[in-house]
Amino acid sequence: MIQIRPVSDLRNKFTDIENIVKSGEPVYLTKNGYGSMVVLSIDAYSRLTDNTEQALDIADRFAEETDERYSHDEVFSKLRGAING
């Protein structure tokens with residue numbers, strides 16, 4: 001279940017929020033009724049970012065080895081095709 005809490009809960013109910021993120025779920029925090037931030041466990045954040053540096057290194061090596069370049073439209077068209085099938 002999606003957890004949406006006011007940002008004041010981060011201070012006032014820290015243990016509750018901590019328990020939710022320890023279970024692997026994010027907590028969405030709002031300020032004045034608008035989305036403000038998301039709290040994740042370190043493990044969840046790591047799962048989201050682990051391969052980022054490696055992917056950037058691969059992209060840098062590829063860019064050094066070839067003159068092939070893609071436009072913004074080409075890149076996003078390929079991504080949409082991969083996501084949408």
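What follows draws every value from the coordinates through simple rules; no lab data is involved. Computed from a predicted model, the values in this text were never measured in an experiment. FYI the Cβ positions are ideal-geometry reconstructions off the backbone, even for glycines, and counts take in every protein chain you see.
Computed quantities for the displayed model
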{"item": "TYR34, TYR28 arranged by Cβ crowding within 10 Å, fewest neighbours leading", "result": "TYR34, TYR28"}
{"item": "Within the range 19-83: Cβ-based charge dipole about Cα centre, in debye rounded to nearest 20 (Lys, Arg +1; Asp, Glu -1)", "result": "580"}
{"item": "Given charges at Cβ of Lys, Arg, Asp, Glu: the chain dipole, positive-most of LEU79, THR49, THR30", "result": "THR30"}
{"item": "Highest-first arrangement of 35-44, 64-73, where packing means the average Cβ count within 10 Å", "result": "35-44, 64-73"}
{"item": "For peptides 4-16, 49-61, sequence by mean Cβ density within 10 Å, most packed first", "result": "4-16, 49-61"}
{"item": "All lysines inside 16 Å of LYS22 as judged from Cα atoms, apart from same-chain residues fewer than 8 positions distant", "result": "LYS13"}
{"item": "Under 13 Å, Cβ to Cβ, from LYS22 - net charge with Lys/Arg +1 and Asp/Glu -1", "result": "-4"}
{"item": "Computed helical MRE - 222 nm, the chain, DSSP H runs ≥ 4 contributing -39500 (n - 2.57), nearest 500", "result": "-17000 deg cm²/dmol"}
